[in-house]
2 protein chains.
Amino acid sequence: MHSSTELQEIIEKAIPQIEYPTHPANLYEPIRYIMSLGGKRIRPVMVLMATELFTTEVNKAIDVALAIETFHNFTLVHDDIMDNAPLRRGRQTVHEKWGNNNAILSGDVMMVESNKHLSKVDINVLKPVLDTFNATAQGVCEGQQLDMEFEQRSDVSIPEYLEMIRLKTAVLLGGAMKLGAIVGGASSADAELLYNFGENLGVAFQLQDDILDVYGNPEKFGKQVGGDIIANKKTFLHLKTLSLAHENEKESLISTTDNKIDKINAVKQLYDKYKIKELAALEMNKYLTKANFALDSLAVADEKKANFRELVQQILDREK
Amino acid sequence: MHSSTELQEIIEKAIPQIEYPTHPANLYEPIRYIMSLGGKRIRPVMVLMATELFTTEVNKAIDVALAIETFHNFTLVHDDIMDNAPLRRGRQTVHEKWGNNNAILSGDVMMVESNKHLSKVDINVLKPVLDTFNATAQGVCEGQQLDMEFEQRSDVSIPEYLEMIRLKTAVLLGGAMKLGAIVGGASSADAELLYNFGENLGVAFQLQDDILDVYGNPEKFGKQVGGDIIANKKTFLHLKTLSLAHENEKESLISTTDNKIDKINAVKQLYDKYKIKELAALEMNKYLTKANFALDSLAVADEKKANFRELVQQILDREK
């Protein structure tokens with residue numbers, strides 16, 4: 001069994017070895033670019049981790065891991081167009097560098113490339129792999145659609161928000177886990193438990209992200225603390241406060257202002273009053289509990305689950 | 001064996017029965033919309049036609065036919081964004097009706113829907129079906145990229161143009177034929193011959209389109225005659241003339257003018273001088289000859305090939 005760091009190295013070595021056509025250069029150069037920008041490769045690592053629960057032949061899962069990473073990067077390319085984002089991992093986004101049309105089309109080819117990777121898996125698991133991947137991809141698109149629609153709405157409920165982050169973020173983690181399990185030869189029951197583990201972990205991770213955006217250590221968080229507050233982003237904290245606050249208190253949540261510090265302080269005061277940080281942490285823990293339950297139920301020797309316990313711990317440690 | 005009209009009816013009946021999720025409505029409504037706009041359904045009909053050469057069970061190929069039609073419509077949705085096109089089949093384009101972001105995302109989901117259709121084929125042919133579909137999809141994206149790049153270039157050669165239309169248009173017809181053949185149980189050799197038939201037919205069709213844009217009967221052609229000339233579009237006729245004309249003659253090809261009739265007449269005069277219509281027809285016939293050769297080589301009783309001969313004849317008849 002490899003450590004998660006070793007698995008990440010396997011992915012980092014495999015990505016530059018993917019052979020894309022050279023022509024038309026402007027179609028494939030953006031793919032090499034976005035795939036090389038790095039990140040923690042958490043999704044493909046999850047695929048490999050899940051595979052290693054059931055087989056020592058981790059190489060069996062490389063193609064699926066690359067399919068998941070390619071698909072994830074495809075969603076980044078298209079989401080960045082939709083969000084009009086200038087930067088991704090501190091570098092120019094694909095549409096900034098090559099233009100929107102080129103970014104649409106390179107993204108489209110990335111979807112094809114994902115499917116090419118997938119089609120290389122053992123024929124015995126090809127059908128369940130495709131079914132799982134397609135359901136996952138569809139969920140992620142639905143999540144992005146809901147996210148865009150929520151920006152235009154003022155009546156988003158907390159269950160709706162949780163469903164959106166489940167689709168946009170968590171389904172892909174669940175799908176990565178399940179795909180790895182299938183390729184590793186897991187039973188359907190175990191594959192489903194790993195899906196549950198990944199999905200619940202994903203929701204917990206996003207809720208933690210919402211918390212850290214307000215309460216995180218600026219040096220460790222890597223984003224501007226308070227960014228969600230300034231953007232009036234409909235996070236769990238924002239929506240929970242809207243559901244608890246008096247009418248006259250809601251103004252500070254939805255107002256736009258040039259004085260960012262005043263705005264952040266006003267909203268944080270409101271969060272403190274209604275113990276929003278604690279409520280968000282409670283909600284996050286509900287999902288971590290579900291993830292742990294799925295992990296405990298898995299018919300695999302406990303010592304093999306170390307990598308997975310570590311994933312849960314990493315989320316909890318982010319809080320500090 | 002069904003006639004091509006009967007096969008089209010099978011497709012027209014199958015499309016409204018595709019079950020898309022209902023939520024988020026704005027993600028799936030554009031898919032139902034574009035899929036219902038009609039057209040001749042030539043690509044899915046080709047799938048079914050190819051299948052019927054090898055089996056009486058045409059239903060075996062319905063899922064692949066729907067995958068091809070969904071993929072084709074996905075390319076229309078994304079191409080229309082890139083081309084900034086207001087209308088498609090006389091109706092508002094998806095991005096005009098729902099906005100660019102929604103159109104990008106609905107298109108993305110259509111790619112997933114195509115793959116969902118594909119994954120339903122018999123497991124015995126799943127792998128070759130995926131390989132053929134993915135190669136086809138990739139080719140179509142490459143063709144669209146080249147088409148966009150050619151708009152910005154003044155040095156496009158005729159071989160480059162032929163390669164672009166091969167990828168953008170013809171590969172999908174070849175792929176449809178080959179997929180139908182595979183699902184029908186054809187030998188690899190026959191599947192490859194049908195690919196060649198479809199691809200060569202596709203190039204011939206596009207060359208005929210270039211000719212008809214200038215010389216077509218306005219009542220039958222369905223588009224504005226001379227549209228390519230006014231847009232200085234780099235068609236076969238345009239590029240061939242550029243390669244033959246004197247320097248001082250080229251101005252009328254690339255000039256922009258408000259007087260459309262004068263422009264069309266000037267360019268047509270040049271086309272007449274260099275017998276461009278005849279040269280384009282010669283080129284088209286080269287591809288039709290190749291298509292016929294592939295058809296003749298096919299190890300299938302000649303009476304079964306009637307639908308295919310009809311396709312070739314339809315292209316020739318368009319000229320009149």
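So is B:ARG43 under 22 Å from the mean Cα position of the chain (by Cα), at pLDDT 95 or above, farther than 24 Å from B:GLU199 by Cα and not in a loop (DSSP other than H, G, I, E, B) or not? Considered against the rule, which asks whether it is under 22 Å from the mean Cα position of the chain (by Cα), at pLDDT 95 or above, farther than 24 Å from B:GLU199 by Cα and not in a loop (DSSP other than H, G, I, E, B), B:ARG43 comes out as no. Mind checking whether some residue in segment A:118-129 is crowded, with 20+ Cβ neighbours inside 10 Å, β-branched (Val, Ile, Thr) and in contact (Cβ under 8 Å) with a residue 60 or more places away in the chain? Scanning segment A:118-129, I find at least one residue that is crowded, with 20+ Cβ neighbours inside 10 Å, β-branched (Val, Ile, Thr) and in contact (Cβ under 8 Å) with a residue 60 or more places away in the chain, so the answer is yes. When segment A:192-211 is filtered for residues that are small (Gly, Ala, Ser) and in contact with a Gly (Cβ under 9 Å, 6 or more places away or on another chain), the ones remaining, listed by number, are A:GLY198, A:GLY202. In the set (1) more than 11 Å from chain A (Cβ to nearest Cβ); (2) free of Cβ contacts under 8 Å to residues at least 60 places away in the same chain, B:ALA61 fails one condition alone, (2). Of the numbered criteria (1) part of a helix (DSSP H, G or I); (2) farther than 25 Å from A:GLY139 by Cα, the one B:ILE68 fails is (2). You will find that of B:LYS234, B:LYS263, the residue that is of a type in the set (Lys, Arg) and touching a residue at least 40 places away in the same chain (Cβ under 8 Å) is B:LYS234 and no other.
Report, by residue number, each residue of segment A:176-192 that is over 14 Å from the mean Cα position of the chain (by Cα) and either of a type in the set (Phe, Trp, Tyr) or assigned to a helix (DSSP H, G or I) (or both).
Selection gives A:LYS178, A:LEU179, A:GLY180, A:ALA181, A:ILE182, A:VAL183, A:GLY184, A:SER188, A:ALA189, A:ASP190, A:ALA191, A:GLU192.
Applying the set (1) in a helix (DSSP H, G or I); (2) of a type in the set (Phe, Trp, Tyr); (3) away from chain A (no Cβ under 14 Å) to B:PHE54 leaves exactly one unmet item: (1).
Against the criterion of being among the aliphatic types (A, V, I, L, M), under 26 Å from A:VAL121 (Cβ atoms) and out of contact with any Ser or Thr (no Cβ under 8 Å at 6 or more places or on another chain), B:VAL129 qualifies.
Please determine, by comparing only the residues of segment B:32-57 that are small (Gly, Ala, Ser) and closer than 30 Å to A:GLN145 by Cα, which one is surrounded by the most Cβ atoms within 10 Å (Cβ to Cβ). Looking at the filtered set, the residue picked out is B:GLY39. Inspection of segment B:68-84 finds no residue satisfying the criterion of being among the β-branched types (Val, Ile, Thr), under 27 Å from A:PHE133 (Cβ atoms) and surrounded by fewer than 20 Cβ atoms within 10 Å (Cβ to Cβ). Restricting attention to segment A:133-162 and to residues that are of a type in the set (D, E, K, R) and surrounded by fewer than 17 Cβ atoms within 10 Å (Cβ to Cβ), the residue that is modelled with the highest pLDDT turns out to be A:GLU160.
Do we have A:MET82 as assigned to a helix (DSSP H, G or I) and at the interface with chain B (Cβ under 9 Å from one of its Cβ atoms) here? Yes, satisfied.
For segment A:1-31, the candidate set comprises residues that are in a helix (DSSP H, G or I) and surrounded by fewer than 15 Cβ atoms within 10 Å (Cβ to Cβ); within that set, the residue that is farthest from the chain's Cα centre (by Cα) is A:ALA25.
Within segment B:191-224, if we keep just the residues that are more than 17 Å from B:ILE165 (Cβ to Cβ) and at pLDDT below 90, the residue that is surrounded by the fewest Cβ atoms within 10 Å (Cβ to Cβ) turns out to be B:GLU219.
State which residue is nearest to the other protein chains (Cβ to nearest Cβ) when the search covers only segment B:89-99 and only residues that are crowded, with 21+ Cβ neighbours inside 10 Å and not in a loop (DSSP other than H, G, I, E, B). Filtering first and then ranking leaves B:HIS95.
Within segment A:164-186, identify whether any single residue is surrounded by 17 or more Cβ atoms within 10 Å (Cβ to Cβ), without any contact (Cβ under 8 Å) to a residue 24 or more places away in the chain and on the phi < 0 side of the Ramachandran plot, and answer yes or no. The answer is yes, given that some residue of segment A:164-186 is surrounded by 17 or more Cβ atoms within 10 Å (Cβ to Cβ), without any contact (Cβ under 8 Å) to a residue 24 or more places away in the chain and on the phi < 0 side of the Ramachandran plot. Flag not set for A:ILE18, criterion: closer than 18 Å to A:VAL183 by Cα and either without any contact (Cβ under 8 Å) to a residue 24 or more places away in the chain or of a type outside the set (Ser, Thr, Tyr) (or both).
With the structure loaded, tell me whether A:ASN196 is assigned to a helix (DSSP H, G or I) and under 12 Å from the mean Cα position of the chain (by Cα) or whether it fails that test.
No; evaluated as a whole, the condition is false for this residue.
Residues that are in contact with an Asp or Glu (Cβ under 8 Å, 6 or more places away or on another chain), over 23 Å from B:SER36 (Cβ atoms) and at the interface with another protein chain (Cβ under 9 Å from one of its Cβ atoms) within segment B:101-136 comprise just one, B:SER119. Output the number of residues of segment B:165-177 satisfying the condition of being within 12 Å of chain A (Cβ to nearest Cβ) and either of a type in the set (D, E, K, R) or touching a Lys or Arg at 6+ places or on another chain (Cβ under 6 Å) (or both). So the count comes out to 1. Being of a type in the set (Val, Ile, Thr) and assigned to a helix (DSSP H, G or I) is the filter; apply it to segment B:247-278 and report the residue that is modelled with the highest pLDDT. Out of the qualifying residues, it is B:ILE276. When segment B:267-284 is examined, which residues are found to be under 21 Å from the mean Cα position of the chain (by Cα) and exposed (fewer than 14 other Cβ atoms within 10 Å of the Cβ)? Within segment B:267-284, just B:LEU282 meets the criteria.
Among the residues of segment A:137-164, those that are within 11 Å of chain B (Cβ to nearest Cβ) and hydrophobic (A, V, I, L, M, F, W, C) comprise A:ALA137, A:VAL140, A:CYS141, A:LEU146, A:MET148, A:PHE150, A:MET164.
The values are calculated or read from the model by the stated rules, or taken from the named source; none is laboratory data. Bear in mind the structure is a predicted one, so any value in this text is a computation, not a measurement. A quick note on method: Cβ atoms are made from the backbone with ideal geometry, for glycine too, and the neighbour counts reach across all protein chains shown.
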